[in-house]
Every structure is written in C-alpha cells, then in structure tokens.
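Visitor: Can you read through this structure? Questions will come right after.
Quick note: the coordinates plus some simple rules give every number you see, no bench work behind them. Source: prediction; values computed, not measured. Cβ coordinates were reconstructed from backbone atoms using ideal geometry, including for glycine residues, and neighbour counts include every protein chain displayed.
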Amino acid sequence: MAFAAVVSLKQTIERILLLPPGSKILLPNTEMKLISDELCYLQSFLEAISPPQSSSSKSVEAFERQIKDVVHKLEDLIDFHISDKFLSGSGSAADDGLTFVFSQQLLEFRQEVSSFTKILKTKEECDINRQNQQQSDSSASETTLSRIDYGGNKKKIVGLVVGMAGIGKTIVVKQVYDDPEVKVHFDRCLYVTLGPHYQLKETLLLLLDQLKADNEDLREDSSEDSLSKLVYQILLGKRYLVVLDDVWNTHIREEFKHYLPDEVNQSRIIITSRMRDFDELSMEIPLLNNVESWNLLRDLVFTTTGGSCSPQLEKIGKEIAKKCEGLPLAIIEVGKLLRKKEKTVEEWQFIADKEDPLTIKSDDNTPLSNALLLSYTMLPQYLKVCFLYMSVFPKGYEISRSKLTKLLVAEGILEPQKNKNLEETADECLNELISHSVVMKKKQRSRGKRTTKTCKLHFTFRNLCVNEAKSENFFHVINKYPDSFPEGIDSQRRLCAHNNIVLGFEQAHIWMESVSGARSLLCYGPKQQYPIRLYLPFRLLKVLDAVLMRFYEFPHQVVELFHLRYLAVTSNGEIPSSISRLSNLEILIIHQHHRVIKSSNSPVYLPVEIWKLHKLKHLVCMGFDLPDPSPANDDSLILEKLLTISGVGAHSCTKRVLTRIPNLTKLGIRIETKDDDETAAVEALSFLGGGDRFASVYEEFESFKCVVINPSLVRCQIVPNFPANISKISLSGCGFPWENMRAIAELPNLRVLKLRWCAFSGPEWEMRRENRYALFNGLEFLLMEDLDIQQWRVESYQFPNMNRLIIRHCYKLTAIPIFGLHYSLKIELISEQKLNSRWVYFGLRVKFSGDGDGDDDDGDEKP
C-alpha cells in the first residue's frame with residue numbers, strides 16, 4: 001500500500017540524514033531533505049483519504065498505486081546505492097562515477113514525487129471553500145456542548161455492548177428493547193442506528209420523530225442546538241431508555257450524556273459498538289462455543305426436519321461449525337451455503353476439508369463481507385498497515401505482542417506518535433486494533449488491563465486481510481510448489497514462507513533472484529528437524545526471521561546484508577566475528593537446535609565483535625554468554641541502546657560486562673547443567689548472586705528472569721541482591737530456601753513474582769516482619785508452579801495489594817492462607833490441583849482452568 005511505502009522511504013531518509021559527517025556512506029543531504037518534505041505532504045494526503053468515499057474510491061486507488069510504484073523505485077535506488085558502497089568499501093561519495101549517475105537518477109525521481117504534490121496542492125486549493133464549510137458544520141456540535149451544561153448526578157447511566165462485526169450485538173440489544181417488561185418499566189423507549197457516517201442533526205430528528213414532537217418544531221433549518229434542547233425538554237422528568245446502535249466514535253457517547261437528562265430515576269442509555277471503551281461499564285458479546293455453533297448451524301440447515309440430521313452429517317457438520325470459530329454471522333453464511341448443497345457426506349466433507357469454510361472478499365456483497373470490510377475501511381492508514389502485516393502469520397498463529405511490535409519497527413512502516421518511541425507506537429497500534437474489534441486478544445500479561453501478551457485474527461478477518469494484502473501487493477506467501485513462484489511480482493517487498501522446505505528447492509533459488517529487492521523474508525512454516533539450504537539474493541533485506549529453520553552453521557551470507565535490522569536464526573555453529581558488519585542490526589535472536597546437548601559446563605561466548613553492534617536494542621542468544629571486552633577503558637565497546645537480553649548464561653553477569661550496557665531494563669538468564677553434575681547449578685547461581693551485581697549497576701532495572709535447566713536438588717543459599725526499582729522477577733529451578741525470600745519480599749516496587757519448578761524449595765513458607773515495613777507491599781501478581789511446598793503461612797501485613805494468584809501443580813500444598821490474603825483477591829487453580837475445603841472461604845474468587853491465562857513471561861523467546 002502507498003502509505004506503507006511512503007513511511008518506509010521516510011524512515012530510510014531519516015536514517016541517512018542522521019549519519020555522522022565522517023561516514024563512508026554519504027548522500028546529497030539537500031536532495032534528501034527536499035524528498036523528505038515531499039513525502040510528508042504525500043503522507044498527509046494518504047491519511048486524509050482514509051476511509052475513501054465510494055464515489056471517488058477508484059480514482060483514489062489508481063493514484064495511490066502510482067505513488068507506491070514511484071516511491072518503491074526511489075527507495076530501491078537509494079538502498080541499492082548504499083549497499084554498493086558498503087560492499088565495495090569505497091570511502092568517497094563525490095569522485096565516483098556511480099555516485100554521479102545516482103545523483104542524476106535521484107533528481108529525476110524527486111521531480112516525479114514533486115509532480116504528485118503539485119497535483120494535490122492544486123486540488124486542495126479548489127476544495128478549500130468546501131473544507132471551510134465542513135469545518136463550520138463540525139464546530140456546531142462543539143458549540144452545542146459548550147452551551148448546554150446540564151450537570152446532574154455523576155452516576156453512570158451508559159452501558160456498552162461491544163464485540164466484533166457479526167457477533168450479534170444488535171440482536172441482543174433488540175431483544176432487550178422489545179421485551180414487554182422493559183416497555184412497562186420505561187416511560188419512553190427510543191432506538192436509533194448511527195453508523196460510521198453519523199450526523200448529529202439527523203440523529204436528533206430521528207429521536208424527535210419517535211418522541212412525536214410537533215412538526216412545527218422539526219423544521220429543516222433548525223439548528224443542532226435547538227433540536228438537542230427540544231429532546232432534552234421532552235425527556236425531562238421521564239424515565240427513558242435510549243438505544244444508540246452501531247456507534248463508531250467514542251465522542252458520541254459523551255455528547256449524548258449531555259443531550260439526555262439525568263434525574264437519577266433509573267434512565268438508561270445502551271450503546272452498541274465495535275469500539276471497546278475501557279472507561280465505561282461494558283458487556284462484551286462472547287463468541288459461541290462449539291456446541292452453540294453446531295446448534296445454530298443445524299437449525300439453519302435442517303429447518304424442514306426440525307433440526308434433525310444423520311449421525312454422519314452431524315459429525316462433519318460439527319467440524320464445519322468449529323471452523324467458524326464461534327462467529328454467528330459466519331455460521332449463518334455457512335448455513336446458507338450448506339442449504340444449497342446436496343445433503344451428502346461427500347458434499348459436506350468437501351467443505352470441511354477446506355482451510356476456511358468461507359472465502360471473504362471485498363466484492364462479495366454479503367452481510368458478512370460488508371460488515372468486515374466496513375471495519376477495515378474505517379481504520380486510519382497506520383492501523384491498516386499493522387492489520388495487513390498480521391496476515392503474514394499462518395492461520396491460527398498466536399501472535400506475540402513483543403514479536404509483532406519488533407517486526408513492525410524493523411520493517412520501517414510506522415512513524416513514532418507524539419511522546420512515544422517506535423516500539424511504544426507499535427504497541428499502541430495493537431491496542432487500537434483490539435479496541436476496534438478487528439484483532440482478538442488471546443492472553444493477557446501479568447499486569448495491566450490493556451496489556452496484551454498474545455493475539456490472533458479470527459478466520460473471517462484473516463481471510464479478508466490476506467485478500468486485501470494480495471490486492472495491495474503487500475506480501476507474497478510461499479507455500480506450495482510450484483504455485484508459490486509466479487511471474488510479475490519482481491517489485492514484491494515481503495516474502496513469507498508457510499512451508500520452509502520449499503525454500504530449499506533449486507527452482508525457488510532461481511525465482512528469488514527475480515525478487516532481489518525484497519526487504520523481508522519471514523519463515524513461519526513448521527519447525528524443521530533437518531537443515532535447509534537458504535539462498536539469500538536479497539541485498540536490501542531488513543528483516544530475516546528464520547528461527548524455525550535449522551542451519552548446521554551460521555549462514556555467512558547474512559553478514560553481507562547491510563540494511564538488516566532484524567535477524568532471527570537457529571544455528572549450532574559459532575557466530576562469526578564478521579557479524580559486526582551488520583551495523584544497522586537492532587534485534588538479534590540466535591537459537592541452538594534443541595537436540596544438541598552441551599558436553600561440558602564451560603561457557604560458550606559470542607564473538608567479542610558483538611560489542612560493535614551499537615544500534616542493537618534486543619538480544620536473545622540461547623546458550624551463549626556475552627564476552628568480557630578488553631581493554632576495559634575502550635569506550636567504543638559500549639551498547640548504550642541495548643535494552644533487553646535473554647538466554648545468556650550467568651557468566652554474562654560480571655560487573656565489567658553489565659557496566660557496558662548502561663540502559664539495560666530486562667535480563668533473562670539460562671543456566672544449563674548436565675544431569676550428573678550436582679554442583680554446577682549451585683556454582684552458577686552463587687556466581688550470579690555474589691555481591692551487589694545488579695543493585696550497584698542498574699538503578700532502573702525492571703525485569704529479571706532466571707531458568708536453571710536440569711537443576712540438581714542441592715539448595716543454593718544466595719539470592720541475588722536486586723535493585724530497589726525492579727518490578728518483575730521470574731525464577732525457575734534455582735532451589736533457594738524459603739527463609740531467604742525476604743531479599744525479594746522487601747523490594748518496594750516489585751509488582752510481578754513468578755516461581756516455577758523448584759524456584760524455592762522446602763516444605764514451609766513463612767515470613768515474619770522484622771520492621772515496620774509490609775512484605776510484598778507492591779506485589780500485584782503471584783504465580784506458584786511445580787513447587788514442593790506443603791505449608792504457606794501469611795500474615796495480614798503481607799501482600800496487601802495482590803489481586804491475582806495462580807497456583808499450578810503444587811500438589812503437596814494443603815491450604816491457602818485465606819485469613820492473611822486480601823478478600824478481593826482473584827485466585828486461579830490450574831489443572832488437577834487437589835482442593836482443601838479451607839481454600840475457598842470468605843469470598844475469595846476461585847477460577848478453575850486447564851491452562852494458564854497469559855501468565856507466562858513476555859518476550860519473543862523464553863530463555
């Protein structure tokens with residue numbers, strides 16, 4: 001899409017303009033700044049036309065395609081020139097013949113970009129009067145709000161019914177609205193549908209029509225101010241129910257709070273919306289379960305037989321219903337399809353064998369496709385980019401929030417919003433997509449109401465998303481051979497493999513050379529047991545995510561990819577020192593194949609050249625340690641931008657190493673020992689816990705995780721001395737004694753504590769206060785899993801703010817100390833936990849579940 005192309009080129013130019021004067025890759029700054037200004041104007045235009053008006057959508061789409069093509073060619077020109085400079089090692093940017101040719105081509109492309117802005121500015125001048133009129137009309141509602149100060153009771157009278165398109169919000173509310181008891185209870189019942197193109201005046205007239213206001217008061221020239229006052233006067237003193245159906249703008253809710261009187265007489269406003277509002281009292285319509293889905297489908301298809309069908313069709317029908325993923329409108333569309341088919345096993349099995357029971361396209365003109373398409377078209381451009389990007393993941397893929405945000409940043413298709421960096425912007429985009437009900441939240445993080453850990457697309461939205469992405473030429477999926485290698489997509493920016501084996505075919509290598517300008521290669525097929533030869537003819541690659549592919553050794557082609565920002569691979573070989581050539585790398589993820597077992601406990605270090613990756617922000621390196629750089633006084637060997645490290649060994653935690661990462665906020669340590677070595681884990685943990693390693697280096701340290709693989713049962717007595725500002729700790733296999741928990745309990749800012757698999761060992765956990773300070777004073781979330789604890793005693797001054805407790809597989813634990821814990825605590829008992837009657841008492845809320853509820857640690861990869 002044109003918006004993504006413009007933002008990507010803007011990001012590229014901004015990086016170039018930030019290069020230091022001594023850089024060997026210099027480009028004409030004046031031209032670059034002029035192009036950047038033109039791109040800003042184009043971006044504003046593209047943001048303004050979303051969503052497009054139907055009357056002009058075809059011409060707008062054609063104009064967008066022209067912009068995208070030119071911008072792509074210009075970005076290719078710049079990136080290839082930079083890559084040539086990098087590979088040649090040239091230090092001159094002026095006396096090179098190639099540079100002269102480049103400058104001439106750059107000028108030609110800038111003139112093309114300028115021609116677009118001239119067209120738009122001419123059109124803008126022609127439309128200025130109409131725009132002024134629109135601005136005048138929109139200000140009328142603001143004037144109305146400022147003049148009508150109704151005040152009233154602060155009690156909430158607005159209820160929201162929210163959910164994704166097609167889930168049945170309107171049906172649910174109409175059932176309530178039409179209930180005879182409701183009609184009796186309220187003096188006036190009003191129902192209006194607003195829609196995405198809501199007009200206040202039209203809505204007020206509809207309300208007054210239902211209120212049977214005098215025709216003299218309903219003149220066409222009546223102002224919004226006078227109409228809103230009339231609605232208010234008629235409803236004054238009456239108990240009313242007002243239903244505002246299909247609301248798209250959160251400001252409308254606030255408007256109608258002022259337009260409708262509140263006399264604390266049980267009047268109610270009910271709003272249905274696809275937009276989730278976290279500050280309002282809301283009810284979310286859930287998806288149907290498998291039984292409900294089949295019942296609805298059966299009743300739709302077998303209307304003439306009273307819902308009865310043969311056992312053979314019932315079995316297949318349940319499979320089809322399950323694939324609808326609980327969305328009523330999707331089930332209705334499938335029901336229509338099945339009614340037209342012969343009721344035979346063969347016909348039904350054909351539908352059941354499809355990946356999706358329906359194909360959703362923008363031109364289908366069905367109730368389902370229209371509802372879904374409206375949700376998409378109403379998104380602003382920057383959210384459309386994020387939404388389309390999510391379709392690169394296979395069906396059913398549970399998308400990590402952390403992974404998605406890092407990929408979006410590395411792709412360069414987002415710009416930072418006000419007062420936010422790029423990762424925070426990407427994170428907020430995901431929140432907005434969930435708020436718009438186009439993305440489903442799957443797991444929630446340990447803290448925060450709006451903090452999503454994983455998410456996914458409903459099959460209907462994914463279907464639409466994939467088709468829209470194809471029409472926009474946003475990415476190309478490599479799946480089946482030879483269908484995955486069409487002609488005519490040489491300008492494709494992103495390649496996504498859902499079948500990694502295909503990448504090893506010779507035909508694939510030939511085809512890849514025709515797509516040499518690709519910026520991303522994402523390998524999300526099933527994890528491969530055997531190595532695959534990966535061919536990388538993509539000199540401009542920014543993102544390579546191949547962690548699900550296995551390499552015998554680190555792919556050396558990678559170090560030639562100057563533009564690479566995101567690299568994720570699985571390799572059992574050494575990491576070459578030439579990795580330092582990837583000077584733009586921001587995310588580095590290196591896994592070792594899980595079948596490889598270390599023959600000794602000696603640390604395996606990354607090359608010392610890793611300290612030259614000065615743009616590195618996130619490092620995941622399973623089974624490796626960071627080397628101690630020398631000499632100690634070399635100020636160039638400092639990773640100031642590195643924020644998170646995961647998977648390193650304890651030997652990475654020396655003070656000499658940690659002081660060279662001054663802004664580190666999250667650290668994940670992995671200690672791996674052999675089964676027959678009982679002392680290795682203790683030695684490693686003692687090394688980690690010695691002295692004030694963390695507290696003396698990091699004042700703003702936020703999160704620490706330590707996992708011991710193959711732990712011995714020997715206790716380690718030393719608990720690390722954490723800095724006071726740490727907010728999250730996750731431990732597994734450490735074997736600390738419970739009596740040493742005080743080192744953690746007194747941390748004033750600790751909010752999340754996760755204890756897994758013998759993190760602490762012993763039959764009894766009890767702590768007594770030794771001073772006037774409460775223990776675990778700020779803790780909000782506690783996970784206890786696979787612990788051998790039998791007795792847990794808590795005093796009233798402990799855990800005063802904890803609101804969520806998860807207990808999983810602690811089979812020896814006999815009781816929860818309900819007298820010490822807060823009465824409003826939410827307790828979740830996971831799996832086959834044996835219950836004692838004393839556990840459920842005094843209003844403690846207990847949830848039984850078969851698995852966790854998003855309580856695992858954040859991050860793309862677990863150490």
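Visitor: If packing is taken as the mean number of other Cβ atoms within 10 Å per residue, what is the order of 172-183, 527-538, highest first? Numbers along the way, then the final one.
Guide: Details: 172-183: 13.1, 527-538: 15.9.
Per-residue mean Cβ counts within 10 Å order the peptides as 527-538, 172-183.
Visitor: Another question, if that's okay. Once a ≥ b ≥ c are taken as the square roots of the eigenvalues of the Cα gyration tensor of segment 234-316, is the result rounded (a/c under 1.5), prolate (a/b larger than b/c) or oblate (a/b not larger than b/c)?
Guide: Prolate, because a/c is 1.5 or more and a/b exceeds b/c.
Visitor: Now for a separate question. Over all distinct alpha-carbon pairs, what is the Kirkwood Rh of segment 290-352 in angstrom?
Guide: On the way: mean 1/r = 0.0891 Å⁻¹.
So the Kirkwood estimate lands at 11.2 Å.
Visitor: Here is a further query. Would you mind getting me the FRET efficiency between GLU14 and ASN419? Use the beta-carbon distance for r and R0 = 25 Å, nearest 0.05.
Guide: My answer for the efficiency is 0.90.
Visitor: Still on this structure: Apply 1/(1 + (r/R0)^6) to the Cβ-Cβ distance of TYR481 and THR193, taking R0 = 51 Å, and write down the FRET efficiency to the nearest 0.05.
Guide: The computed FRET efficiency comes out at 0.55.
Visitor: Now a separate question. Just want the ordering: GLU61, GLU254, from fewest to most Cβ atoms lying within 10 Å of their own Cβ. Numbers along the way, then the final one.
Guide: Working: GLU61 14, GLU254 11.
Least crowded to most crowded, the residues run GLU254, GLU61.
Visitor: Also, quick follow-up: Could you check the simple spin-label distance between SER578 and ILE709, using points 7 Å along Cα→Cβ, in nm with one decimal?
Guide: Each label point lies 7 Å from its Cα, and together they span 2.8 nm.
Visitor: Here's something else I'd like to know. Which trypsin sites (Lys or Arg not before Pro) does segment 479-519 hold that lie in a coil by DSSP with at most 15 other beta carbons within 10 Å? Present the calculation step by step, with values, prior to reporting the outcome.
Guide: On the way: sites: LYS480, ARG493, ARG494, ARG519; in loops: LYS480, ARG493, ARG519.
Hits after loop and neighbour filter: LYS480.
Visitor: Amide H neighbours of VAL620 under 5 Å, at least 5 residues apart or on other chains, H built in the peptide plane: list them.
Guide: Under 5 Å from the amide H of VAL620 lie the amide H atoms of LEU588, ILE589, ILE590, SER646, each far enough along the sequence or on another chain.
Visitor: Can you list which of the chymotrypsin sites (Phe, Trp or Tyr not before Pro) found in segment 225-333 are DSSP loop residues with at most 13 other C-beta atoms within 10 Å?
Guide: Those satisfying the criteria are PHE278.
Visitor: Full-extension gain between SER282 and LYS343, please, as 0.36 nm times their residue separation minus the C-alpha to C-alpha distance. Display every interim value, and only then the final one.
Guide: Working: separation 61, 0.36 × 61 = 21.96 nm, distance 4.16 nm.
Contour length minus the Cα-Cα distance gives 17.8 nm.
Visitor: Also, I was wondering about something else. In segment 445-524, which GluC sites (Glu not before Pro) are in a loop and have at most 16 other Cβ atoms within 10 Å, using DSSP for the loop call? The partial results should precede the final answer.
Guide: On the way: sites: GLU468, GLU472, GLU487, GLU506, GLU513; in loops: GLU472, GLU487.
Qualifying residues, ordered by number: GLU487.
Visitor: Give me the percent relative contact order of segment 478-630, please, defined on Cα pairs under 8 angstrom at least 6 residues apart.
Guide: Values: 325 pairs, mean separation 23.8, N = 153.
It comes to 16 percent, rounded to a whole number.
Visitor: Can you work out the Karplus-derived ³J(HN,Hα) for every residue in segment 198-203? Use 6.51 cos²θ - 1.76 cosθ + 1.60 with θ = phi - 60°, whole Hz, and x for glycine or proline.
Guide: Karplus-based 3J(HN,Hα) across segment 198-203 equals 4, 10, 4, 4, 4, 5 Hz.
Visitor: Output wanted: per-residue J couplings in Hz (rounded whole) for segment 775-789, from phi through Karplus 6.51 cos²θ - 1.76 cosθ + 1.60, θ = phi - 60°, x for Gly and Pro.
Guide: Couplings: 8, 6, 4, x, 5, 10, 9, 9, 10, 10, 9, 6, 9, 8, 5 Hz.
Visitor: Further question on the same structure: Would you mind calculating the relative contact order of segment 158-258 from Cα pairs under 8 angstrom and at least 6 residues apart, reporting the percent as a whole number?
Guide: It rounds to 38 percent for segment 158-258.
Visitor: So, in nm, how far is label THR250 from label LYS174 when the simple model puts each one 7 Å beyond its Cα toward the Cβ?
Guide: 2.9
Visitor: Provide the packing ranking of 574-580, 748-754, i.e. peptides ordered by the mean count of other C-beta atoms within 10 Å per residue, highest first.
Guide: For the peptides 574-580, 748-754, the packing ranking is 748-754, 574-580.
Visitor: Which whole-number percent is the relative contact order of segment 290-352 (Cα, under 8 Å, 6+ apart)?
Guide: It rounds to 42 percent for segment 290-352.
Visitor: Another one. Residues with amide H under 5 Å of ARG804's amide H, sequence separation 5 or more or different chain, H placed in the peptide plane at 1.01 Å from N; which?
Guide: Here the answer is LEU782, LYS826, since their amide H atoms fall under 5 Å of that of ARG804.
Visitor: With label points built 7 Å along Cα→Cβ from the Cα atoms of LYS615 and GLU47, find their separation and express it in nm.
Guide: 2.4
Visitor: Moving to a separate point now. Can you give me the Cα centroid spacing of segment 424-439 and segment 386-401 in angstrom?
Guide: Centre-to-centre distance over Cα atoms comes out at 13 Å.
Visitor: Taking 56 Å as R0, compute the FRET efficiency from the Cβ-Cβ separation of THR377 and HIS809 and round it to 0.05.
Guide: So, using R0 = 56 Å, E works out to roughly 0.75.
Visitor: I would also like to ask the following. Beyond 15 Å, what share of the Cα-Cα pairs of segment 385-469 is found? Please give it as a whole percent.
Guide: Values: 1965 of 3570 pairs.
Pairs farther apart than 15 Å: 55 percent.
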